[in-house]
Amino acid sequence: MPNKLKINSPLEPQKLHEHLVARRAVSENDTEQLNKYMDLIATEIVMTAKFICAVKFSGEPKKQDDGTYLVDDDAQMSFLLLENEKFGKIFPLFTDESELEKCDAFTDYYTIITGFDGIAGIVSDGNVCAGMMINPFDDNMFISGRVAAKWREKKQILLTGRANNVVTEKTPLDIHAPNPYPLQLSNKLCEIAKTLSEVNALWLRGVTLNGDEGYMLVIDAPQPERFYDDFGNASKEFIGKKPIHVIPLNGELGKRATQNVVPIYTKE
């Protein structure tokens, strides 16, 4: 069955564009003002902003009377990238139609509107491109894949107390005993586990990822993802600015993290 999509929709005015325009007027020597606007801009990018992306479809979308488009199930959508002299291949994001109009590199394309999380997921591993660039023909604000991954992780922790899909078997990291040991966090996690009858065991480890220290919680349970929010929300009070990565036991990384390690909780 064809999918109904909003394509070529206008993007409403947003605060991010206002902050970018205001930043352009600030002198490069005014470090305090530049830092102020960069904080505002980064927050808007990650938390609320929407962007226009240029895309193509393998099958021609069919416009409907209500302004939406029908796209066949087997049609492939591809994002259009740009080559940048300094960074190589980049994912261009536009804050409004006027910024997109400055780009003459694309022909016969459609546009979609998307947020930060989806694009961060595409660029974070560096395989598709070096990163994203906001308004590449004006602001030239480049966010590398690595920085995008960190920003997305911090957003997830702020909203849910945990990070999703940040750590995998292929992620370069160091797993170790947490030092100092977070006793209050451990006690809280065990307290939550006792209320969840399907949780068999928990392991709490320390982890260094991209130079940042955090925690790793390994869960032994059927369909452990059902309990990620329970443990993530319970952790918020005790982890400060450190991330906590919640992973299942039944994977290579979970087994590696728990090898020869005593669990902090086992079901009685």
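A full extension of the chain between Thr43 and Asn140 corresponds to an added length of 33.2 nm, given 0.36 nm per residue minus the alpha carbon distance. Can you tell me which aspartates and glutamates have their Cα less than 15 Å from the Cα of Lys255? Leave out same-chain residues fewer than eight positions away. Within the straight-line limit of under 15 Å, Lys255 reaches these aspartates and glutamates: Glu169, Asp174, Asp220. Counting only alpha carbon atoms, the long axis of helix 145-160 and the longest principal axis of the chain meet at about 60°. If R0 is 25 Å, the Cβ-Cβ spacing of Lys62 and Thr107 corresponds to a FRET efficiency of close to 0.75.
For region 105-264, the share of DSSP beta bridges that are antiparallel, to the nearest 5, is 75%. Here r is the Cβ-Cβ distance between Asp73 and Thr114 and R0 is 22 Å; the resulting FRET efficiency, rounded to 0.05, is 0.60. Compared with the dominant Cα axis of the chain, that is its longest principal axis, helix 31-47 is turned about 80°.
Calculated accessible area for region 37-87 comes out at 61 Å² per residue, all protein chains present (probe 1.4 Å; ligands, DNA, RNA ignored).
Heavy atoms of the protein chains alone define the surface here; on that basis region 106-258 has 48 Å² accessible area per residue at 1.4 Å probe size. Surface composition of the chain: carbon plus sulfur atoms contribute 48% of the solvent-accessible area (1.4 Å probe, protein chains only, all chains present). Between the helical axis of 15-24 and the longest alpha-carbon principal axis of the chain there is an angle of about 70 degrees. Mean sequence separation of contacting Cα pairs (under 8 Å, at least six apart), scaled by the length of the chain, corresponds to a relative contact order of 15 percent. For the listed peptides 63-74, 244-255, a ranking on the average number of other beta carbons within 10 Å per residue, highest first, reads 244-255, 63-74.
The calculated 222 nm mean residue ellipticity attributable to helices in the chain amounts to -9500 deg cm²/dmol, summing -39500 (n - 2.57) over DSSP H runs of n ≥ 4 and dividing by all residues. A full extension of the chain between Asn233 and Tyr181 corresponds to an added length of 16.8 nm, given 0.36 nm per residue minus the alpha carbon distance. For Leu159, put the label point 7 Å out on the Cα→Cβ axis and report which residues of region 208-223 keep their amide N under 11 Å from it. Answer for region 208-223: none.
For the chain, a crude dipole built from +1 on the beta carbon of Lys and Arg and -1 on the beta carbon of Asp and Glu, taken about the Cα centre, is about 920 debye to the nearest 20.
Among the listed pairs Lys6/Lys50; Lys15/Lys86; Lys50/Lys241; Lys86/Lys242; Lys15/Lys154; Lys36/Lys241, those whose Cα-Cα separation exceeds 23 Å are Lys15/Lys86; Lys50/Lys241; Lys86/Lys242.
Residue separation of Lys6 and Asn260 scaled by 0.36 nm, minus their Cα-Cα distance, works out to 86.3 nm of gained length. Among the listed options (1) 20.7, 73; (2) 22.0, 66; (3) 18.0, 50, the one matching Rg and Dmax of the Cα atoms in Å as calculated from these coordinates is (2).
Amide H contacts of Tyr265 (H built 1.01 Å from N, in plane; Pro and chain starts excluded): Leu202 sit under 5 Å, all sequence-distant by 5 or more or on other chains. The Cα atoms of region 165-251 give a gyration tensor whose axes a ≥ b ≥ c have a/c of 1.5 or more with a/b no greater than b/c, which makes the shape oblate.
The values are calculated or read from the model by the stated rules, or taken from the named source; none is laboratory data. Bear in mind the structure is a predicted one, so any value in this text is a computation, not a measurement. Note: ideal-geometry Cβ built from the backbone for every residue, glycine included; neighbour counts use all protein chains shown. Note: areas computed on protein heavy atoms with side chains; ligands, DNA, RNA excluded. Shrake-Rupley method; radii C 1.70, N 1.55, O 1.52, S 1.80 Å.
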